[in-house]
Amino acid sequence: MYLIAAVLIALFGTDGISSSGYMEPDQVLIDIVDVQWAPWTSVSPDFQNWLLRFPQANPSITELAQDELKLAGMRFSPQTFAPSRNRRFVNLSLLRYPELETIVVHSLPDNPRILSTVWSPDGSSVAFTNETPEGVELWIIDAGSAEARRLTGPVLSLTANEWPEWLSDGTGIICCIIPEDHGEPPSENPVPSGPVIQQTTGAPAPSRTYQDLLENPFDEDLFEYYLTSQLSVVRLDGSIDKVGDPGIIWYYSASPDAGYILVSQLRRPFSYMVTAGRFAELIEVWNLNGDTIFEVADFPVRDAIPIAIGSTFEGPRSIVWRSDADATLCWAEALDGGDAGVEADLRDRIYTLDAPFDSEPAELIDLQSRFGSIQWGNDSLAIVGEWWWPTRNEMAWRIRPGQPDSEAELLVDRSWEDRYSDPGTPRTRLNSNGKSILVTSPDGGSIYLAGDGASPEGDRPFLDRLDLSTLETERLFHSQPPFFERPSRFIDDECIRFLFLRESVDDYPNYYVRDLSDNTDIQVTFYTNPLTVLDGMHKELITYRREDGLNLSATLYLPPGYDAEDGPLPMVMWAYPQNYRSASAAGQISGSPFRFDYIGWWSPLIWLTQGYAVLDDPTMPIIGEGDEQPNDTFIEQLVMSAQAAVDEVVRLGVADPDRIAIGGHSYGAFMTANLLAHSDLFAAGLARTGAYNRTLTPFGFQSEDRSLWEAKDVYIEMSPFMNADLIDEPILLIHGDADSNSGTFPMQSERFFAALKGLGGIARLVMLPLESHIYRARESILHVLWETQEWLQTYVKE
């Protein structure tokens, strides 16, 4: 006890508050944080060039400290009119195919901070956005010469997260720019003009908990100012054609024939209860002069959507262009009032409407459940997906858009929880207009499906050809041990050659091309593992059973050089619970023992360097079959799963039962606190960015769509805050003080820590300045590792 007191004084000081600044862990952990992984890739539509994008390393806390506005669920820079939390790229290069020659892109901007890239429909050019201190510029790269040039000054507006888009004819790029007469932003009067008032008139309007909502009239003015933009077409000579008048442009999409633009604009009144995506919205079709051709929908604020998962609003939604036609709109409308909680034979209807949009919409298909997606092929082929949350069921239909009287053909009817029966996802490609369409065989009679290939041996991805007349499949490719190989896309129109990613435990992921005519492979990229400190670690997929007979699985890692004669090790167990409606599905194996492991600060594998064994992703299924809801027995099932994992690693002789830490992020942190409260299995807990009091998320959380008042006992029993008096193991709480994730308010960790402190528990609360749900700043990340290293050393290893 005296030792613990001495450690606490050393860490916290006598007042229990740390006065130190950012700390750093051991050098080996710093080196892992600073590893530079391979660039991200984007293949041109003509398959002749690959764009290699090099991501920025973890930014500094100075960068995070720059001005940021948080309005209506959005975060952006008021200086640059760009999203503030998105990843930036700092360099670009091109890889020629099939020559496999890497080409430097010339004349890039100095110190580039690239936000987005997009290929032209013919693959001859790449447009990209570059953030400067003054704002965001639009640039273009000629793929043939590998020369970059600037098209605009720092005038783009990206506050709505809408990125530049090519016209299908390649003559220009649609984007939003800051209006020329925008003026200065509104200034806040420090003297209130009156109270902020909200009122409800008796109609139910439940909503989940959201961060960064508008709070007052000044917030409304700021939102309108920074979101107002001028829709424009930037031509390849740098000239700008304005389209319509400035407005709060929420999204836009050009028709495949480049003759129209689908435009969404937000309007007042705004809301203090929901994020911008539910504000009043006007959706129209414009021509390129900005004239309104057709009004698709005019919505009020949508703040009364029922909380049952699968509920939606009435009226047109999921509005898109038919990608295989010149200018045909498609959308879904609810037939059940949008309420997933009511009984209904039909839930959704899909409509289409051809240009010039002066006729009645055509009914394409009625759906028994909620519309999910549509993939277009041609007049004889489209695939419509639907889903239903209460049953976890998904269905897919083959329809013939050009034959409205034809019967839809059922292709898929299954539970998406059943990974073993997943037939795969249809492959798509970009057509000459730059729009995504289904890949079909040269005779048009087949489509291609790629999937994870889940099995009792783990995932083994595949590529199948599905005959649309017989619905029989032919396996064209199947990942083979000791590799993990994932099909990506065909790179020819004959569907003979396709791109796939190959990796193994020891081999860094690299792209290959498979030729199906002779089953030969050509390696395209030649990346090597930049992290060698854990070469020789032991990796093993293990299976075991829960007390109720359910099969569970996890991946066990042991440090390099470990020998069974060394005896059991201290262990870090890192997990995340999942809800299921089927016990058989919950017991299925997920993951693969043959995958390469990216080991970064976020990975529990980093603790192998400190001599810990690691059990990664031990399955923690929470099952509710029939009329039972999963969360009705959440605690019982959670503890049972954790007990089974602990028993197995102890039986294997690799973990000391008195030196096992449990940890997790977000819902995993919630899990961690519950396991400490309701079991004595673990020596300590690591809880990052969690929610601990479910009464603060009263209209549902995670997979729970009952409200607090419908399932009061469940909410209270599942809340670690309500059971803080049962926690007698040390817990490290880490939270970003600018967390934007729904439900995980920073207050959740602050109040939970206050409860533990008041009850005499051993806990440490670390609030990371400026960090959101995922930590970004290098200083923050290193400090998190230092905190974790010290906590594990004190309460687990020793």
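If you keep only loop residues by DSSP, which GluC sites (Glu not before Pro) in the range 617-660 have at most 12 other Cβ atoms within 10 Å of their Cβ? All intermediate terms of the calculation are to be shown ahead of the outcome.
Values: sites: 625, 628, 636, 648; in loops: 625, 628.
Taking the range 617-660 and a limit of 12 other Cβ atoms within 10 Å, the loop GluC sites (Glu not before Pro) found are 628.
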Item to check | Helix 634-651 vs. the chain, principal-axis angle (Cα, 0 to 90°, nearest 10) | outcome: 60
Item to check | Cα gyration tensor of the range 604-753 - equivalent ellipsoid semi-axes, whole Å, descending | outcome: 26, 19, 13
Checklist entry - Quick one: Karplus J couplings for the range 187-204, per residue in order, coefficients 6.51, -1.76, 1.60, θ = phi - 60°, nearest Hz, x for Gly and Pro? => result 10, 8, 7, x, 9, x, 8, x, x, 8, 10, 10, 9, 10, 10, x, 7, x
Checklist outcome for this item: Summing +1 per Lys or Arg and -1 per Asp or Glu among the other residues with Cβ less than 15 Å from residue 268's Cβ gives -4
Checklist entry - Can you run phi through the Karplus equation (6.51, -1.76, 1.60; θ = phi - 60°) for the range 517-531 and list ³J(HN,Hα) in whole Hz, with x for Gly and Pro? => result 5, 9, 6, 9, 10, 10, 6, 9, 10, 9, 7, 10, 5, x, 10
Checklist entry - Under 20 Å from the 7 Å Cα→Cβ point of residue 68, by amide nitrogen: which residues of the range 93-129? => result 113-116
Checklist entry - Expressed in whole Å with the largest first, what are the equivalent ellipsoid semi-axes of the range 312-438 derived from the C-alpha gyration tensor as the square root of 5 times each eigenvalue? => result 24, 20, 12
Next on the checklist: If amide hydrogens are placed 1.01 Å from N in the peptide plane, which non-local residues have theirs closer than 5 Å to the one on residue 260?
Outcome noted: 255
Checklist outcome for this item: Expressed as a percent, the accessible surface of the range 281-323 that is carbon or sulfur, using a 1.4 Å probe and the full set of protein chains, is 48
Checklist entry - In whole Å, what are the Cα extents of the chain along the three principal axes, biggest one first? => result 80, 76, 60
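Before I look further, what does the chain give for accessible area per residue, probe 1.4 Å, in whole square angstrom?
42
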Item to check | By accessible area with a 1.4 Å probe, ligands and nucleic acids excluded, highest first: order of 488, 441 | outcome: 488, 441
Item to check | Area projected by the alpha carbon convex hull of the range 60-194, averaged over all directions, nm² | outcome: 11.3
Checklist entry - Using modelled amide H (1.01 Å from N, peptide plane; none on Pro or chain starts), what sits under 5 Å from the amide H of residue 576, excluding residues fewer than 5 places away? => result 620
Checklist entry - If you wrap a convex hull around the C-alpha atoms of the range 524-591 and split its volume per residue, what is the figure in Å³? => result 169
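What's the extension gain from residue 380 to residue 241 if we count 0.36 nm per residue and subtract their Cα-Cα distance? Working shown, then result.
Values: separation 139, 0.36 × 139 = 50.04 nm, distance 3.75 nm.
This chain segment gains 46.3 nm when fully extended.
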Item to check | Principal-axis tilt of helix 667-678 within the chain, Cα atoms, nearest 10 degrees | outcome: 30
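Which entries of 539/797; 242/435; 70/435 show an alpha-carbon separation above 26 angstrom in the structure shown? Each step should come with its number before you reach the end.
Details: 539/797 21 Å; 242/435 24 Å; 70/435 33 Å.
Violating the 26 Å limit, Cα to Cα: 70/435.
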Checklist entry - For the range 448-577, what is the convex hull (Cα atoms) projected area averaged across all directions, in square nanometres? => result 12.4
Checklist entry - Which distance in nm do the two modelled labels at residue 793 and residue 31 give, with both placed 7 Å along the Cα-to-Cβ direction? => result 1.8
Next on the checklist: Restricting to Cα atoms and excluding each atom paired with itself, what does the Kirkwood estimate give for the range 260-308 in Å?
Outcome noted: 11.8
Checklist outcome for this item: For 415-428, 319-332, ranked highest to lowest by mean beta-carbon neighbours within 10 Å, the order is 319-332, 415-428
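Taking the Cβ of residue 48 as the center, what net charge do the other residues with Cβ under 11 Å away carry, scoring Lys and Arg +1 and Asp and Glu -1?
Values: positive: 96; negative: 46, 99, 122.
Local net charge: -2.
Could you state the orientation-averaged shadow area of the convex hull built on the Cα atoms of the range 550-667, in nm² to one decimal?
Working: hull surface 31.7 nm².
Over all viewing directions, the range 550-667 projects a mean Cα-hull area of 7.9 nm².
Taking the Cα centre of the range 720-791 as origin and charging only Cβ (+1 Lys, Arg; -1 Asp, Glu), how large is the dipole, in debye to the nearest 20? Working shown, then result.
Details: 5 positive and 10 negative charges, 25 e Å.
Result for the range 720-791 is approximately 120 debye, rounded to the nearest 20.
Can you give the local net charge around residue 528? Use residues other than it whose beta-carbon is closer than 14 angstrom to its beta-carbon, Lys and Arg +1, Asp and Glu -1. Working shown, then result.
On the way: positive: 502; negative: 503, 506, 507, 535.
Around residue 528, the surrounding residues sum to -3.
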Checklist entry - Using modelled backbone amide H atoms (1.01 Å from N, in-plane), which distant-in-sequence or interchain residues come within less than 5 Å of residue 766's amide H? => result 733, 734, 735
Checklist entry - Of all accessible surface on the range 356-452 at a 1.4 Å probe, what whole percent is carbon and sulfur? => result 45
Checklist outcome for this item: Phi-derived 3J(HN,Hα) across the range 590-603 with the Karplus relation (6.51, -1.76, 1.60, θ = phi - 60°), rounded Hz, x for Gly and Pro, is 10, x, 9, x, 9, 7, 6, 9, 6, 10, x, 4, 6, 8
Checklist outcome for this item: Ordered by number, the GluC sites (Glu not before Pro) in the range 482-564 that occupy a DSSP loop and have at most 14 other Cβ atoms within 10 Å are 494, 547
Item to check | Segments 524-536, 461-473 sorted - mean Cβ within 10 Å per residue, highest first | outcome: 461-473, 524-536
Item to check | D_trans [Stokes-Einstein, Kirkwood Rh over alpha-carbon pairs] for the range 189-302, 25 °C, 0.890 mPa s, µm² s⁻¹ | outcome: 150
Item to check | At R0 = 41 Å, FRET efficiency that the Cβ-Cβ distance of residue 650 and residue 85 yields, to 0.05 | outcome: 0.45
Next on the checklist: Helix-only mean residue ellipticity at 222 nm, the chain, DSSP H runs n ≥ 4 weighted -39,500 (n - 2.57), per residue, nearest 500. What is it?
Outcome noted: -3500 deg cm²/dmol
Checklist entry - Tell me, what is the percent relative contact order of the chain, built from C-alpha pairs under 8 Å that lie six or more residues apart? => result 9
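The values are calculated or read from the model by the stated rules, or taken from the named source; none is laboratory data. Remember, predicted model here, so these are calculated numbers, not experimental data. Cβ: placed from backbone, ideal geometry, glycine included. Neighbour counts: every protein chain shown. Calculation scope for accessible area: heavy atoms of the full protein, side chains included, ligands and nucleic acids excluded. Shrake-Rupley method; radii C 1.70, N 1.55, O 1.52, S 1.80 Å.
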